[in-house]
Amino acid sequence: MNFYFAPMEGLTGYVYRNAHKAYFNHIDKYFSPFIIANQSARLKTKELNDIIPENNKDIVLVPQLLTNNANDFIHMTKKVQTFGYDEVNLNLGCPSGTVVSKGRGAGFLSKPKELDTFLEEIFTHLSIKISIKTRIGKDSPHEFYELIEIYNKYPLEELIIHPRIQLDFYKNKPNLAIFKDALTLSKNPVCYNGDLFAAKEYEAFCSDFPDINTVMIGRGLIYNPGLAMGIKTNTKLDKNLLKDFHHRLYEDYQNILFGDKNVLFKMKEVWYYMIESFTNHSKYAKKIKKAQRLTDYDEVITSLFAEQEISEDR
Ligand SMILES: Cc1cc2nc3c(=O)[nH]c(=O)nc-3n(C[C@H](O)[C@H](O)[C@H](O)COP(=O)(O)O)c2cc1C
């Protein structure tokens, strides 16, 4: 099985990816959080830092672009190619209101004709590998049957399917019935993404879809950064390894961010998920959330690692 680390805005930037790669490895491809492709093909400092090769040494990274404008996609892709990348990913899944209202991300799915023209344009003008990360529709899962016919017209590097509609955001369950049809209908290689939170869910998914050879995992890897490693090596998450990973991440954020507040903001986002990997975690979760200074934070993290264990299901 190939394991891809899903792009997660605010969480899986280069600092996180480097720490993850150093301690857990076993990820075949990381995807960058989306970059908005604009007319000038100019990257914001944050976006540039996220994808420049010196910040992604030894990491297989696919930059992800968000736009519904073919020229902007083409210009930004050419810019990204100058850094040596040979694949870009198109975001057709972002459900956020501000993105969807501009007809981007999952919003683009409700304009199949425009989407087709967009793909025609980009495949005509670019020679790089292009993969797509898509939801199955904007308002209804049945939109997928028209979408797959469009995707089938183009030689995608991969079609990554998160089988929810935009309206679901991250609620409800992934629609595995539509995903099953997608596997039969797609002429392009398919990667599955959605709700693989622990080895148990992964195993159930594999027994339902034995032919799948690539999965993308997002939240499951933030809950347990060792999820892919654990599945591949049949091991449980090791508390000391998690501690080392945490300390590296924390230190790296302190080195690049200014002030306690910014560092804490980043660490709290990670802990929102990662705390679930510990036994009796509620009181620690509350203290982490409340921490205003690094000293408060250090205190709760020290006691968490000293007093609690990794939960049974990790
Ligand atoms: C906080 C957050 C940020 C996300 N950012 C992105 C993004 O930048 N690009 C993208 O394609 N998907 C993004 N996603 C969606 C994830 O990549 C993934 O498709 C989704 O979480 C479902 O997979 P999972 O169940 O394994 O987490 C984001 C999801 C979350 C929760």
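Worth a mention:
- The DSSP beta bridges internal to the range 69-202 are antiparallel in roughly 0% of cases.
- Counting protein heavy atoms only, the range 239-307 has 51 percent of its accessible area on carbon and sulfur, 1.4 angstrom probe.
- For the chain, modelled as a GNM whose springs connect Cα atoms under 10 angstrom apart, the maximal fluctuation among Asn55, Asn262, Asn71 occurs at Asn262.
- Cα-based reach from Lys153 at 22 Å (exclusive), listing lysines while leaving out same-chain residues under 8 positions away: Lys111, Lys113, Lys129, Lys133, Lys138, Lys180, Lys187
- Cβ-defined net charge surrounding Glu157, 10 Å radius [Lys, Arg +1; Asp, Glu -1]: -2
- 23 Å tail of the calculated P(r), the range 119-232, as % of Cα pairs: 33
- Restricting attention to the chain, close to 5% of DSSP beta bridges with both partner residues there are antiparallel.
- With R₀ fixed at 45 Å, the C-beta to C-beta distance from Ser140 to His26 puts the FRET efficiency at about 0.75.
- Ordering 124-134, 279-289 by mean Cβ neighbour count within 10 Å, with the highest value first, yields 124-134, 279-289.
- Ligands, DNA and RNA are left out, and with a 1.4 angstrom probe the accessible area of the chain is 47 Å² per residue.
- Peptide packing: for 217-230, 88-101, 194-207, 246-259, the average count of neighbouring Cβ atoms within 10 Å per residue gives the ranking 217-230, 88-101, 194-207, 246-259, highest mean first.
- Accessible surface of the range 72-173, 1.4 Å probe: 52 percent of it comes from carbon and sulfur atoms.
- Spatially close Lys pairs in the range 239-307, defined by Cα atoms under 13 Å apart and a spacing of eight or more places or different chains, total 7.
- Local electrostatic count, Asn175, Cβ distance below 12 Å [Lys/Arg +1, Asp/Glu -1]: 0
- Sorted largest first, extent of the range 239-307 alpha carbons per principal axis (Å): 32, 25, 19
- Candidates Glu121, Glu299, Glu158: whichever shows maximal mean-square fluctuation once the chain is modelled as a Gaussian network with Cα springs under 10 Å: Glu299
- Total charge dipole magnitude, the chain, about the Cα centre, Cβ charges on Lys, Arg, Asp, Glu only, Debye to nearest 20: 740
- Total formal charge among the other residues, if their Cβ is under 12 angstrom from that of Lys57, Lys/Arg +1 and Asp/Glu -1: 0
- Pairwise Cα distances in the chain exceed 36 Å for 18 percent of all pairs.
- Between Gln292, Gln64, Gln166, the residue with the greatest mean-square fluctuation in the GNM of the chain (Cα pairs under 10 Å linked by springs) is Gln292.
The values are calculated or read from the model by the stated rules, or taken from the named source; none is laboratory data. In this text the structure is predicted, and so the values were computed from the model without any measurement. Methodologically, a virtual Cβ is constructed for each residue, glycine included, from the backbone with ideal geometry; neighbour enumeration extends over all protein chains shown. Calculation scope for accessible area: heavy atoms of the full protein, side chains included, ligands and nucleic acids excluded. Shrake-Rupley method; radii C 1.70, N 1.55, O 1.52, S 1.80 Å.
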